[in-house]
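This report refers to the structure that appears directly beneath it.
The values are calculated or read from the model by the stated rules, or taken from the named source; none is laboratory data. Bear in mind that the values here come from a model prediction, so they are computed numbers and not experimental data. Cβ placement follows ideal geometry from the backbone for every residue including glycine, while neighbour counts extend to all protein chains displayed.
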Amino acid sequence: MKCLYYLTPTLDNTRKITDDLHKVGISDWFIHVLSKDESGFKKDKIHSSNYLEQLDILRFGIFGAALGFVVGLIIASLVDSAKPFGPDMPNIVFYAIIAVLTAFGAWEGGLIGIAAENKKISIFHDDLEAGSYLILIYAKKDAENSIKNVMEKQHPEAVLTAIDPSFYNPLSALTRI
């Protein structure tokens, strides 16, 4: 599944695009719209983006978990070498130290990610601030051509700005077309 990123100038264009995509069988679950002002979305029944698309929670959570895992390994090895509770400490203690610090790192990373704009969306920051609408269309392989045909033939005002071949990978980079 790919994610196609289209920029449109107005809310009316965005509504027409979502209606036309619904006609070719694309459901709201696969169409998400980002904008600086989302006030008209409910009235026009446009599916807004979610926090995982807007914020960098996943990417920072993964980095935090990795850092927590490394710190957990270091602390577990220090506890193993120091043996503060005696020589017969069960291995579950070391696994618990690593698991707790990994979870703590993921939690802290997620909290940091809440304050950061999603890396993939940040390349569209200036367009969104200028009032454009960013449509994210998650396209299954068999529907990709029909989506592109609808967009090219019926909505030339919408500009295909990026294609993300690995939309589910928060660590991958996205470049504009």
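Summary of values
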read-out	value
Condition met for Val70 (more than 30 Å from the chain's Cα centre (by Cα) and of a type in the set (A, V, I, L, M))	no
All positions within region 121-160 that are of a type outside the set (Gly, Ala, Ser) and in a loop (DSSP other than H, G, I, E, B)	Ile123, Phe124, Lys140, Lys141, Asp142, His155, Pro156, Glu157
Matching entry among Val70, Val100, Val79 (being farther than 30 Å from Ile147 by Cβ and touching a Phe, Trp or Tyr at 6+ places or on another chain (Cβ under 9 Å))	Val79
Yes/no for Ser166 being under 24 Å from Val24 (Cα atoms), touching a residue at least 40 places away in the same chain (Cβ under 8 Å) and not hydrophobic (A, V, I, L, M, F, W, C)	no
When residues of region 27-43 are limited to those that are over 14 Å from Arg15 (Cα atoms) and either among the acidic types (Asp, Glu) or surrounded by 18 or more Cβ atoms within 10 Å (Cβ to Cβ) (or both), the one modelled with the lowest pLDDT	Asp37
Ile31, sole failed condition from (1) under 14 Å from the mean Cα position of the chain (by Cα); (2) β-branched (Val, Ile, Thr); (3) assigned by TED's automatic domain parsing to the domain that holds Glu108	(3)
Those residues of region 104-129 which are small (Gly, Ala, Ser) and touching a helix residue (DSSP H, G or I) at 6+ places or on another chain (Cβ under 7 Å), in sequence order	Gly105, Ala106, Gly109, Gly110, Gly113, Ala116
Filter result for Ile92 (over 18 Å from the mean Cα position of the chain (by Cα) and closer than 30 Å to Phe124 by Cα)	no
Contacts under 7 angstrom Cβ, first residue in region 51-65 being in the same structural domain as Phe104 (by TED's automatic domain parsing), partner polar (S, T, N, Q) and not in a loop (DSSP other than H, G, I, E, B), 6 or more apart	Ala65/Thr102
Residue within region 53-75 that is closer than 15 Å to Tyr133 by Cα and among the acidic types (Asp, Glu) present	yes
Residue count for region 120-169, restricted to those that are surrounded by 11 or more Cβ atoms within 10 Å (Cβ to Cβ), within 17 Å of Glu53 (Cα to Cα) and among the acidic types (Asp, Glu)	2
Test result for Phe85, of a type in the set (Phe, Trp, Tyr), part of a loop (DSSP other than H, G, I, E, B) and surrounded by 15 or more Cβ atoms within 10 Å (Cβ to Cβ)	no
Residue identified as within 22 Å of Asn149 (Cα to Cα) and within 15 Å of the chain's Cα centre (by Cα) among Leu11, Leu21, Leu58, Leu4	Leu4
Candidates Ile57, Ile46, Ile98, Ile75 - the one that is among the β-branched types (Val, Ile, Thr), surrounded by 12 or more Cβ atoms within 10 Å (Cβ to Cβ) and modelled with pLDDT under 95	Ile46
